[in-house]
Every structure is written in C-alpha cells, then in structure tokens.
Amino acid sequence: MLRLISFAGFLCMSSHAEVVLDLDALGKSLGGWDSKGKRAANYELSGSTYRSYMPEITPTPEGGIFISVRIDYVRGIFASNDFATLEMTFSADGTMSSTQSSIAIQGKTITSDVMRSGAKLGENKGAVGMAVKLGGDMVANLTEKLSRENLVEAGRVTFPAAVRHNYNKVFQAVSVAKPVQAPLKPEKAPAKPGSGFEEKK
C-alpha cells in the first residue's frame with residue numbers, strides 16, 4: 001500500500017499522532033497513477049488535459065509535513081507543457097498552516113500570495129469550511145495575477161482550476177494517524193517448584 005507519512009512515522013514505535021498522506025486514495029481520486037512509470041496521473045478538466053505527479057513530502061522541524069505537487073498542462077506533441085506547483089504545509093497536530101501555488105507559462109512564473117489558516121483536519125464542519133475558503137482565496141489570487149497576462153489558450157486560462165482540483169484532492173487524502181503502540185510481551189509464568197529436575201527412576 002502506498003502511504004507516505006512524516007519522518008517520525010517511520011519509527012517502529014511512536015507515542016504521538018502523525019500527519020499522513022494516503023497516496024493510494026490521492027491517486028485513485030485523480031484517475032490512477034498510470035502515467036510516467038506509475039508516478040503520475042492524467043485527467044481532463046474543461047476539455048484540457050493535465051497531469052499530476054506523485055507529491056513530494058518533506059518532514060517539518062515541528063513534526064508536520066510539507067507537500068509539493070507538480071501539475072502539467074499537457075499541450076500536445078509539438079508544444080512545450082506549462083506546469084504549476086502546489087504547496088501545502090500541515091503542522092504536527094493536523095493544522096494546515098499555509099498554502100501557495102505558482103504557474104510557469106512561456107518562461108514566466110506567476111505566484112500566488114501565501115495563504116495561512118488555523119483550521120484543523122476533521123475537527124468540525126467549520127474547519128473544513130475554513131480550508132475551502134483558504135483554497136478559494138489562493139486560487140482567486142492566482143487567477144487574478146494570471147489574468148494580467150492576457151492568455152487566450154483554454155488550458156492556460158483554466159490552469160488555476162486544475163490547481164484547485166489538486167488542492168481539494170490532496171486535502172481529502174490527508175489525515176492524522178493514531179499513535180502506534182508497541183505490543184507488550186507476555187509475562188512468563190512463574191516456574192513450578194522442581195520443574196527443572198526429572199524424577200529419578
């Protein structure tokens with residue numbers, strides 16, 4: 001099972017909950033890791049083809065994880081692909097602390113502002129609503145900056161929507177894992193008197 005967790009989660013025993021990204025669930029939600037040697041997923045949005053690569057996950061000093069996803073706009077055989085980067089940071093307690101995205105088109109990079117939030121995963125509906133707003137603000141900021149470039153190619157114009165699509169899928173695939181408890185060894189039963197000696201015949 002493909003499952004990436006924070007660095008501390010690789011230890012056999014842990015007394016703390018860990019933030020994890022379920023790569024199986026993420027890949028399935030994007031259509032399957034069937035491209036680029038099973039390392040990427042291709043899908044269509046608004047008539048254009050995009051490709052998302054398996055995220056890079058880096059542990060943070062505080063015990064959380066930093067997730068970076070590359071997203072390509074697949075323009076065709078005779079054209080160079082544009083690409084975007086989506087970054088999401090989760091703290092050790094499951095809080096999505098920040099998100100940012102950039103899109104590189106024709107050698108020029110357009111980057112959104114850094115959006116920050118204190119929403120906790122799974123805490124309540126308000127937390128999910130906060131995360132939805134966070135993604136919406138980031139995409140709106142990116143779209144506004146991209147509109148200044150006077151783009152006409154459909155796949156480029158809708159690139160922020162692909163970023164939002166990936167933001168939602170990554171968020172849904174992140175959870176807080178329960179701490180792993182080491183199994184206790186069974187206590188040895190006390191030896192019976194004389195059990196170490198055989199009766200002489």
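The values are calculated or read from the model by the stated rules, or taken from the named source; none is laboratory data. Everything numeric here is computed off the predicted structure, so don't read it as measured data. Methodologically, a virtual Cβ is constructed for each residue, glycine included, from the backbone with ideal geometry; neighbour enumeration extends over all protein chains shown.
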Within the stretch 143-163, restricting to residues that are in contact with a strand residue (DSSP E or B) (Cβ under 9 Å, 6 or more places away or on another chain), outside any loop (DSSP other than H, G, I, E, B) and charged (D, E, K, R), the one that is surrounded by the most Cβ atoms within 10 Å (Cβ to Cβ) is ARG156
Of the residues in the stretch 1-24, how many are surrounded by fewer than 16 Cβ atoms within 10 Å (Cβ to Cβ) and at pLDDT 95 or above?
-> 1
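Residue by residue, here is whether (1) in contact with a strand residue (DSSP E or B) (Cβ under 9 Å, 6 or more places away or on another chain); (2) surrounded by fewer than 18 Cβ atoms within 10 Å (Cβ to Cβ); (3) under 20 Å from GLY107 (Cβ atoms) holds:
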position: SER46; (1), (2), (3): no, yes, no
position: THR49; (1), (2), (3): yes, yes, no
position: THR58; (1), (2), (3): yes, yes, no
position: SER80; (1), (2), (3): no, yes, yes
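Looking at the stretch 63-103 only, could you name the residues that are small (Gly, Ala, Ser) and within 16 Å of MET115 (Cβ to Cβ)? Outline the logic, then answer.
Taking the stretch 63-103 first, the residues small (Gly, Ala, Ser) are 63-64, 68, 76, 79-80, 84, 91-92, 94, 97-98, 101-102.
Correct list: SER68, ALA84, SER91, SER97, SER98, SER101, SER102.
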Restricting the stretch 82-105 to residues that are hydroxyl-bearing (Ser, Thr, Tyr) and part of a strand (DSSP E or B), which is nearest to the chain's Cα centre (by Cα)?
-> THR89
Of the numbered conditions (1) more than 15 Å from the chain's Cα centre (by Cα); (2) over 21 Å from SER102 (Cβ atoms); (3) at pLDDT below 95, ALA79 satisfies every one except a single condition; which is it?
-> (2)
For the stretch 18-74, name all the residues that are in a helix (DSSP H, G or I) and of a type in the set (Gly, Ala, Ser).
-> ALA25, GLY27, SER29
